[in-house]
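What follows is a set of notes on a single structure, which appears directly below.
The values are calculated or read from the model by the stated rules, or taken from the named source; none is laboratory data. Quick caveat: nothing in here was measured; it's all calculated off a predicted structure. Note that each Cβ is placed from the backbone with ideal geometry, even for glycine, and that neighbours are counted across all protein chains shown.
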């Protein structure tokens, strides 16, 4: 998602230059090739910070976020005073609060701003950003940057609140994708045309993002992972990680998440099943349906 987000940020927010860093050098080289004269490739997060007034990060796990910000050659080492630091990773609220506690005394403005909308939302610039920060004055300061990449920019409250909204959203997303997969699989096995069934679901009370935007049944929708062998999209390891964050937070809050826990176990299993490790999370349909042996 980072590539199209950076593309939109450059074209819509309009900085004169954008400094990029990624462990995947092919991504940064491609970005440089597409935007000649406007891109600087940095060798480390610290080097990004040395040349930037505002920084947006998106990383897969809390340890990587802590390392990029606070580790060796991290953002904290090169950070300018007054820098805006926006972390759009999906991580636990406690890590987001810890980053703010560590970096704000050094003069930075820090917000957590996880996103929803998937890869197509990133490409189209229609992402939803869920923002946690000191107050609404800070939110208004970072909002124009986020509008360069998204459509719905929502202030959720203090540091970590954006992460709370995101893990609740992704827990529900994981549950509904499994439910949509079971419903589509059942209907097809009972002889229903999948496209007709999807159309009925999408005008009925079962409608959800997993039926009307990213339907898991192959061939029902064009341009979604299910119609390209579940390649691309939101990986099963990432939804498993996000569900784990939700379950851990629920344990802390003593909140009951029965379906969230079951969804976590299913995606944990999926992420360790050969052939599924790098597939989109809608591949749970195929996993459920394989050889008629699942459930």
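Descriptive notes on the structure:
- If the condition is being more than 22 Å from residue 122 (Cα to Cα) and crowded, with 17+ Cβ neighbours inside 10 Å, then region 53-67 contributes only 66.
- Residue 24 meets each of the listed conditions (1) free of Cβ contacts under 8 Å to residues at least 24 places away in the same chain; (2) surrounded by 14 or more Cβ atoms within 10 Å (Cβ to Cβ); (3) under 19 Å from residue 122 (Cα atoms) apart from (2).
- Top-ranked residue in region 31-48 [being in contact with a helix residue (DSSP H, G or I) (Cβ under 7 Å, 6 or more places away or on another chain) and surrounded by fewer than 18 Cβ atoms within 10 Å (Cβ to Cβ); ranked as farthest from residue 72 (Cα to Cα)]: 35
- Any hit, region 167-180, residues being in contact with a helix residue (DSSP H, G or I) (Cβ under 6 Å, 6 or more places away or on another chain), at positive phi and at pLDDT 95 or above: no
- In region 130-145, residue surrounded by the fewest Cβ atoms within 10 Å (Cβ to Cβ) [restricted to those that are touching a residue at least 40 places away in the same chain (Cβ under 8 Å) and touching a helix residue (DSSP H, G or I) at 6+ places or on another chain (Cβ under 9 Å)]: 144
Here's the yes/no breakdown for (1) surrounded by 15 or more Cβ atoms within 10 Å (Cβ to Cβ); (2) in contact (Cβ under 8 Å) with a residue 12 or more places away in the chain; (3) assigned to a helix (DSSP H, G or I):
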position: 153; (1), (2), (3): yes, yes, no
position: 166; (1), (2), (3): yes, yes, yes
position: 196; (1), (2), (3): no, no, yes
position: 204; (1), (2), (3): no, no, no
position: 237; (1), (2), (3): yes, yes, yes
position: 242; (1), (2), (3): yes, yes, yes
position: 260; (1), (2), (3): yes, yes, yes
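- Whenever a residue of region 279-290 is farther than 13 Å from residue 228 by Cβ, its partners that are outside any helix (DSSP H, G or I), lying with C-beta atoms within less than 6 angstrom and at least six residues away or across chains, give the pairs 281/234; 285/216; 288/294.
- Residue that is within 16 Å of the chain's Cα centre (by Cα) and closer than 27 Å to residue 198 by Cα, where the choices are 232, 244: 232
- Out of 179, 187, sole residue that is within 16 Å of residue 288 (Cα to Cα), surrounded by fewer than 21 Cβ atoms within 10 Å (Cβ to Cβ), touching a residue at least 24 places away in the same chain (Cβ under 8 Å) and not assigned by TED's automatic domain parsing to the domain that holds residue 15: 179
- Among the residues of region 83-105, not a single one is closer than 30 Å to residue 206 by Cα, more than 13 Å from the chain's Cα centre (by Cα), at pLDDT 95 or above and surrounded by fewer than 18 Cβ atoms within 10 Å (Cβ to Cβ).
- Test: residue in region 9-17 that is closer than 23 Å to residue 163 by Cβ and either in contact (Cβ under 8 Å) with a residue 40 or more places away in the chain or assigned by TED's automatic domain parsing to the domain that holds residue 95 (or both): yes
- All positions within region 108-136 that are modelled with pLDDT under 95 and within 22 Å of residue 82 (Cα to Cα): 134, 135, 136
- Residue check, residue 256 surrounded by fewer than 15 Cβ atoms within 10 Å (Cβ to Cβ), in contact with a helix residue (DSSP H, G or I) (Cβ under 8 Å, 6 or more places away or on another chain) and outside the structural domain of residue 58 (by TED's automatic domain parsing): yes
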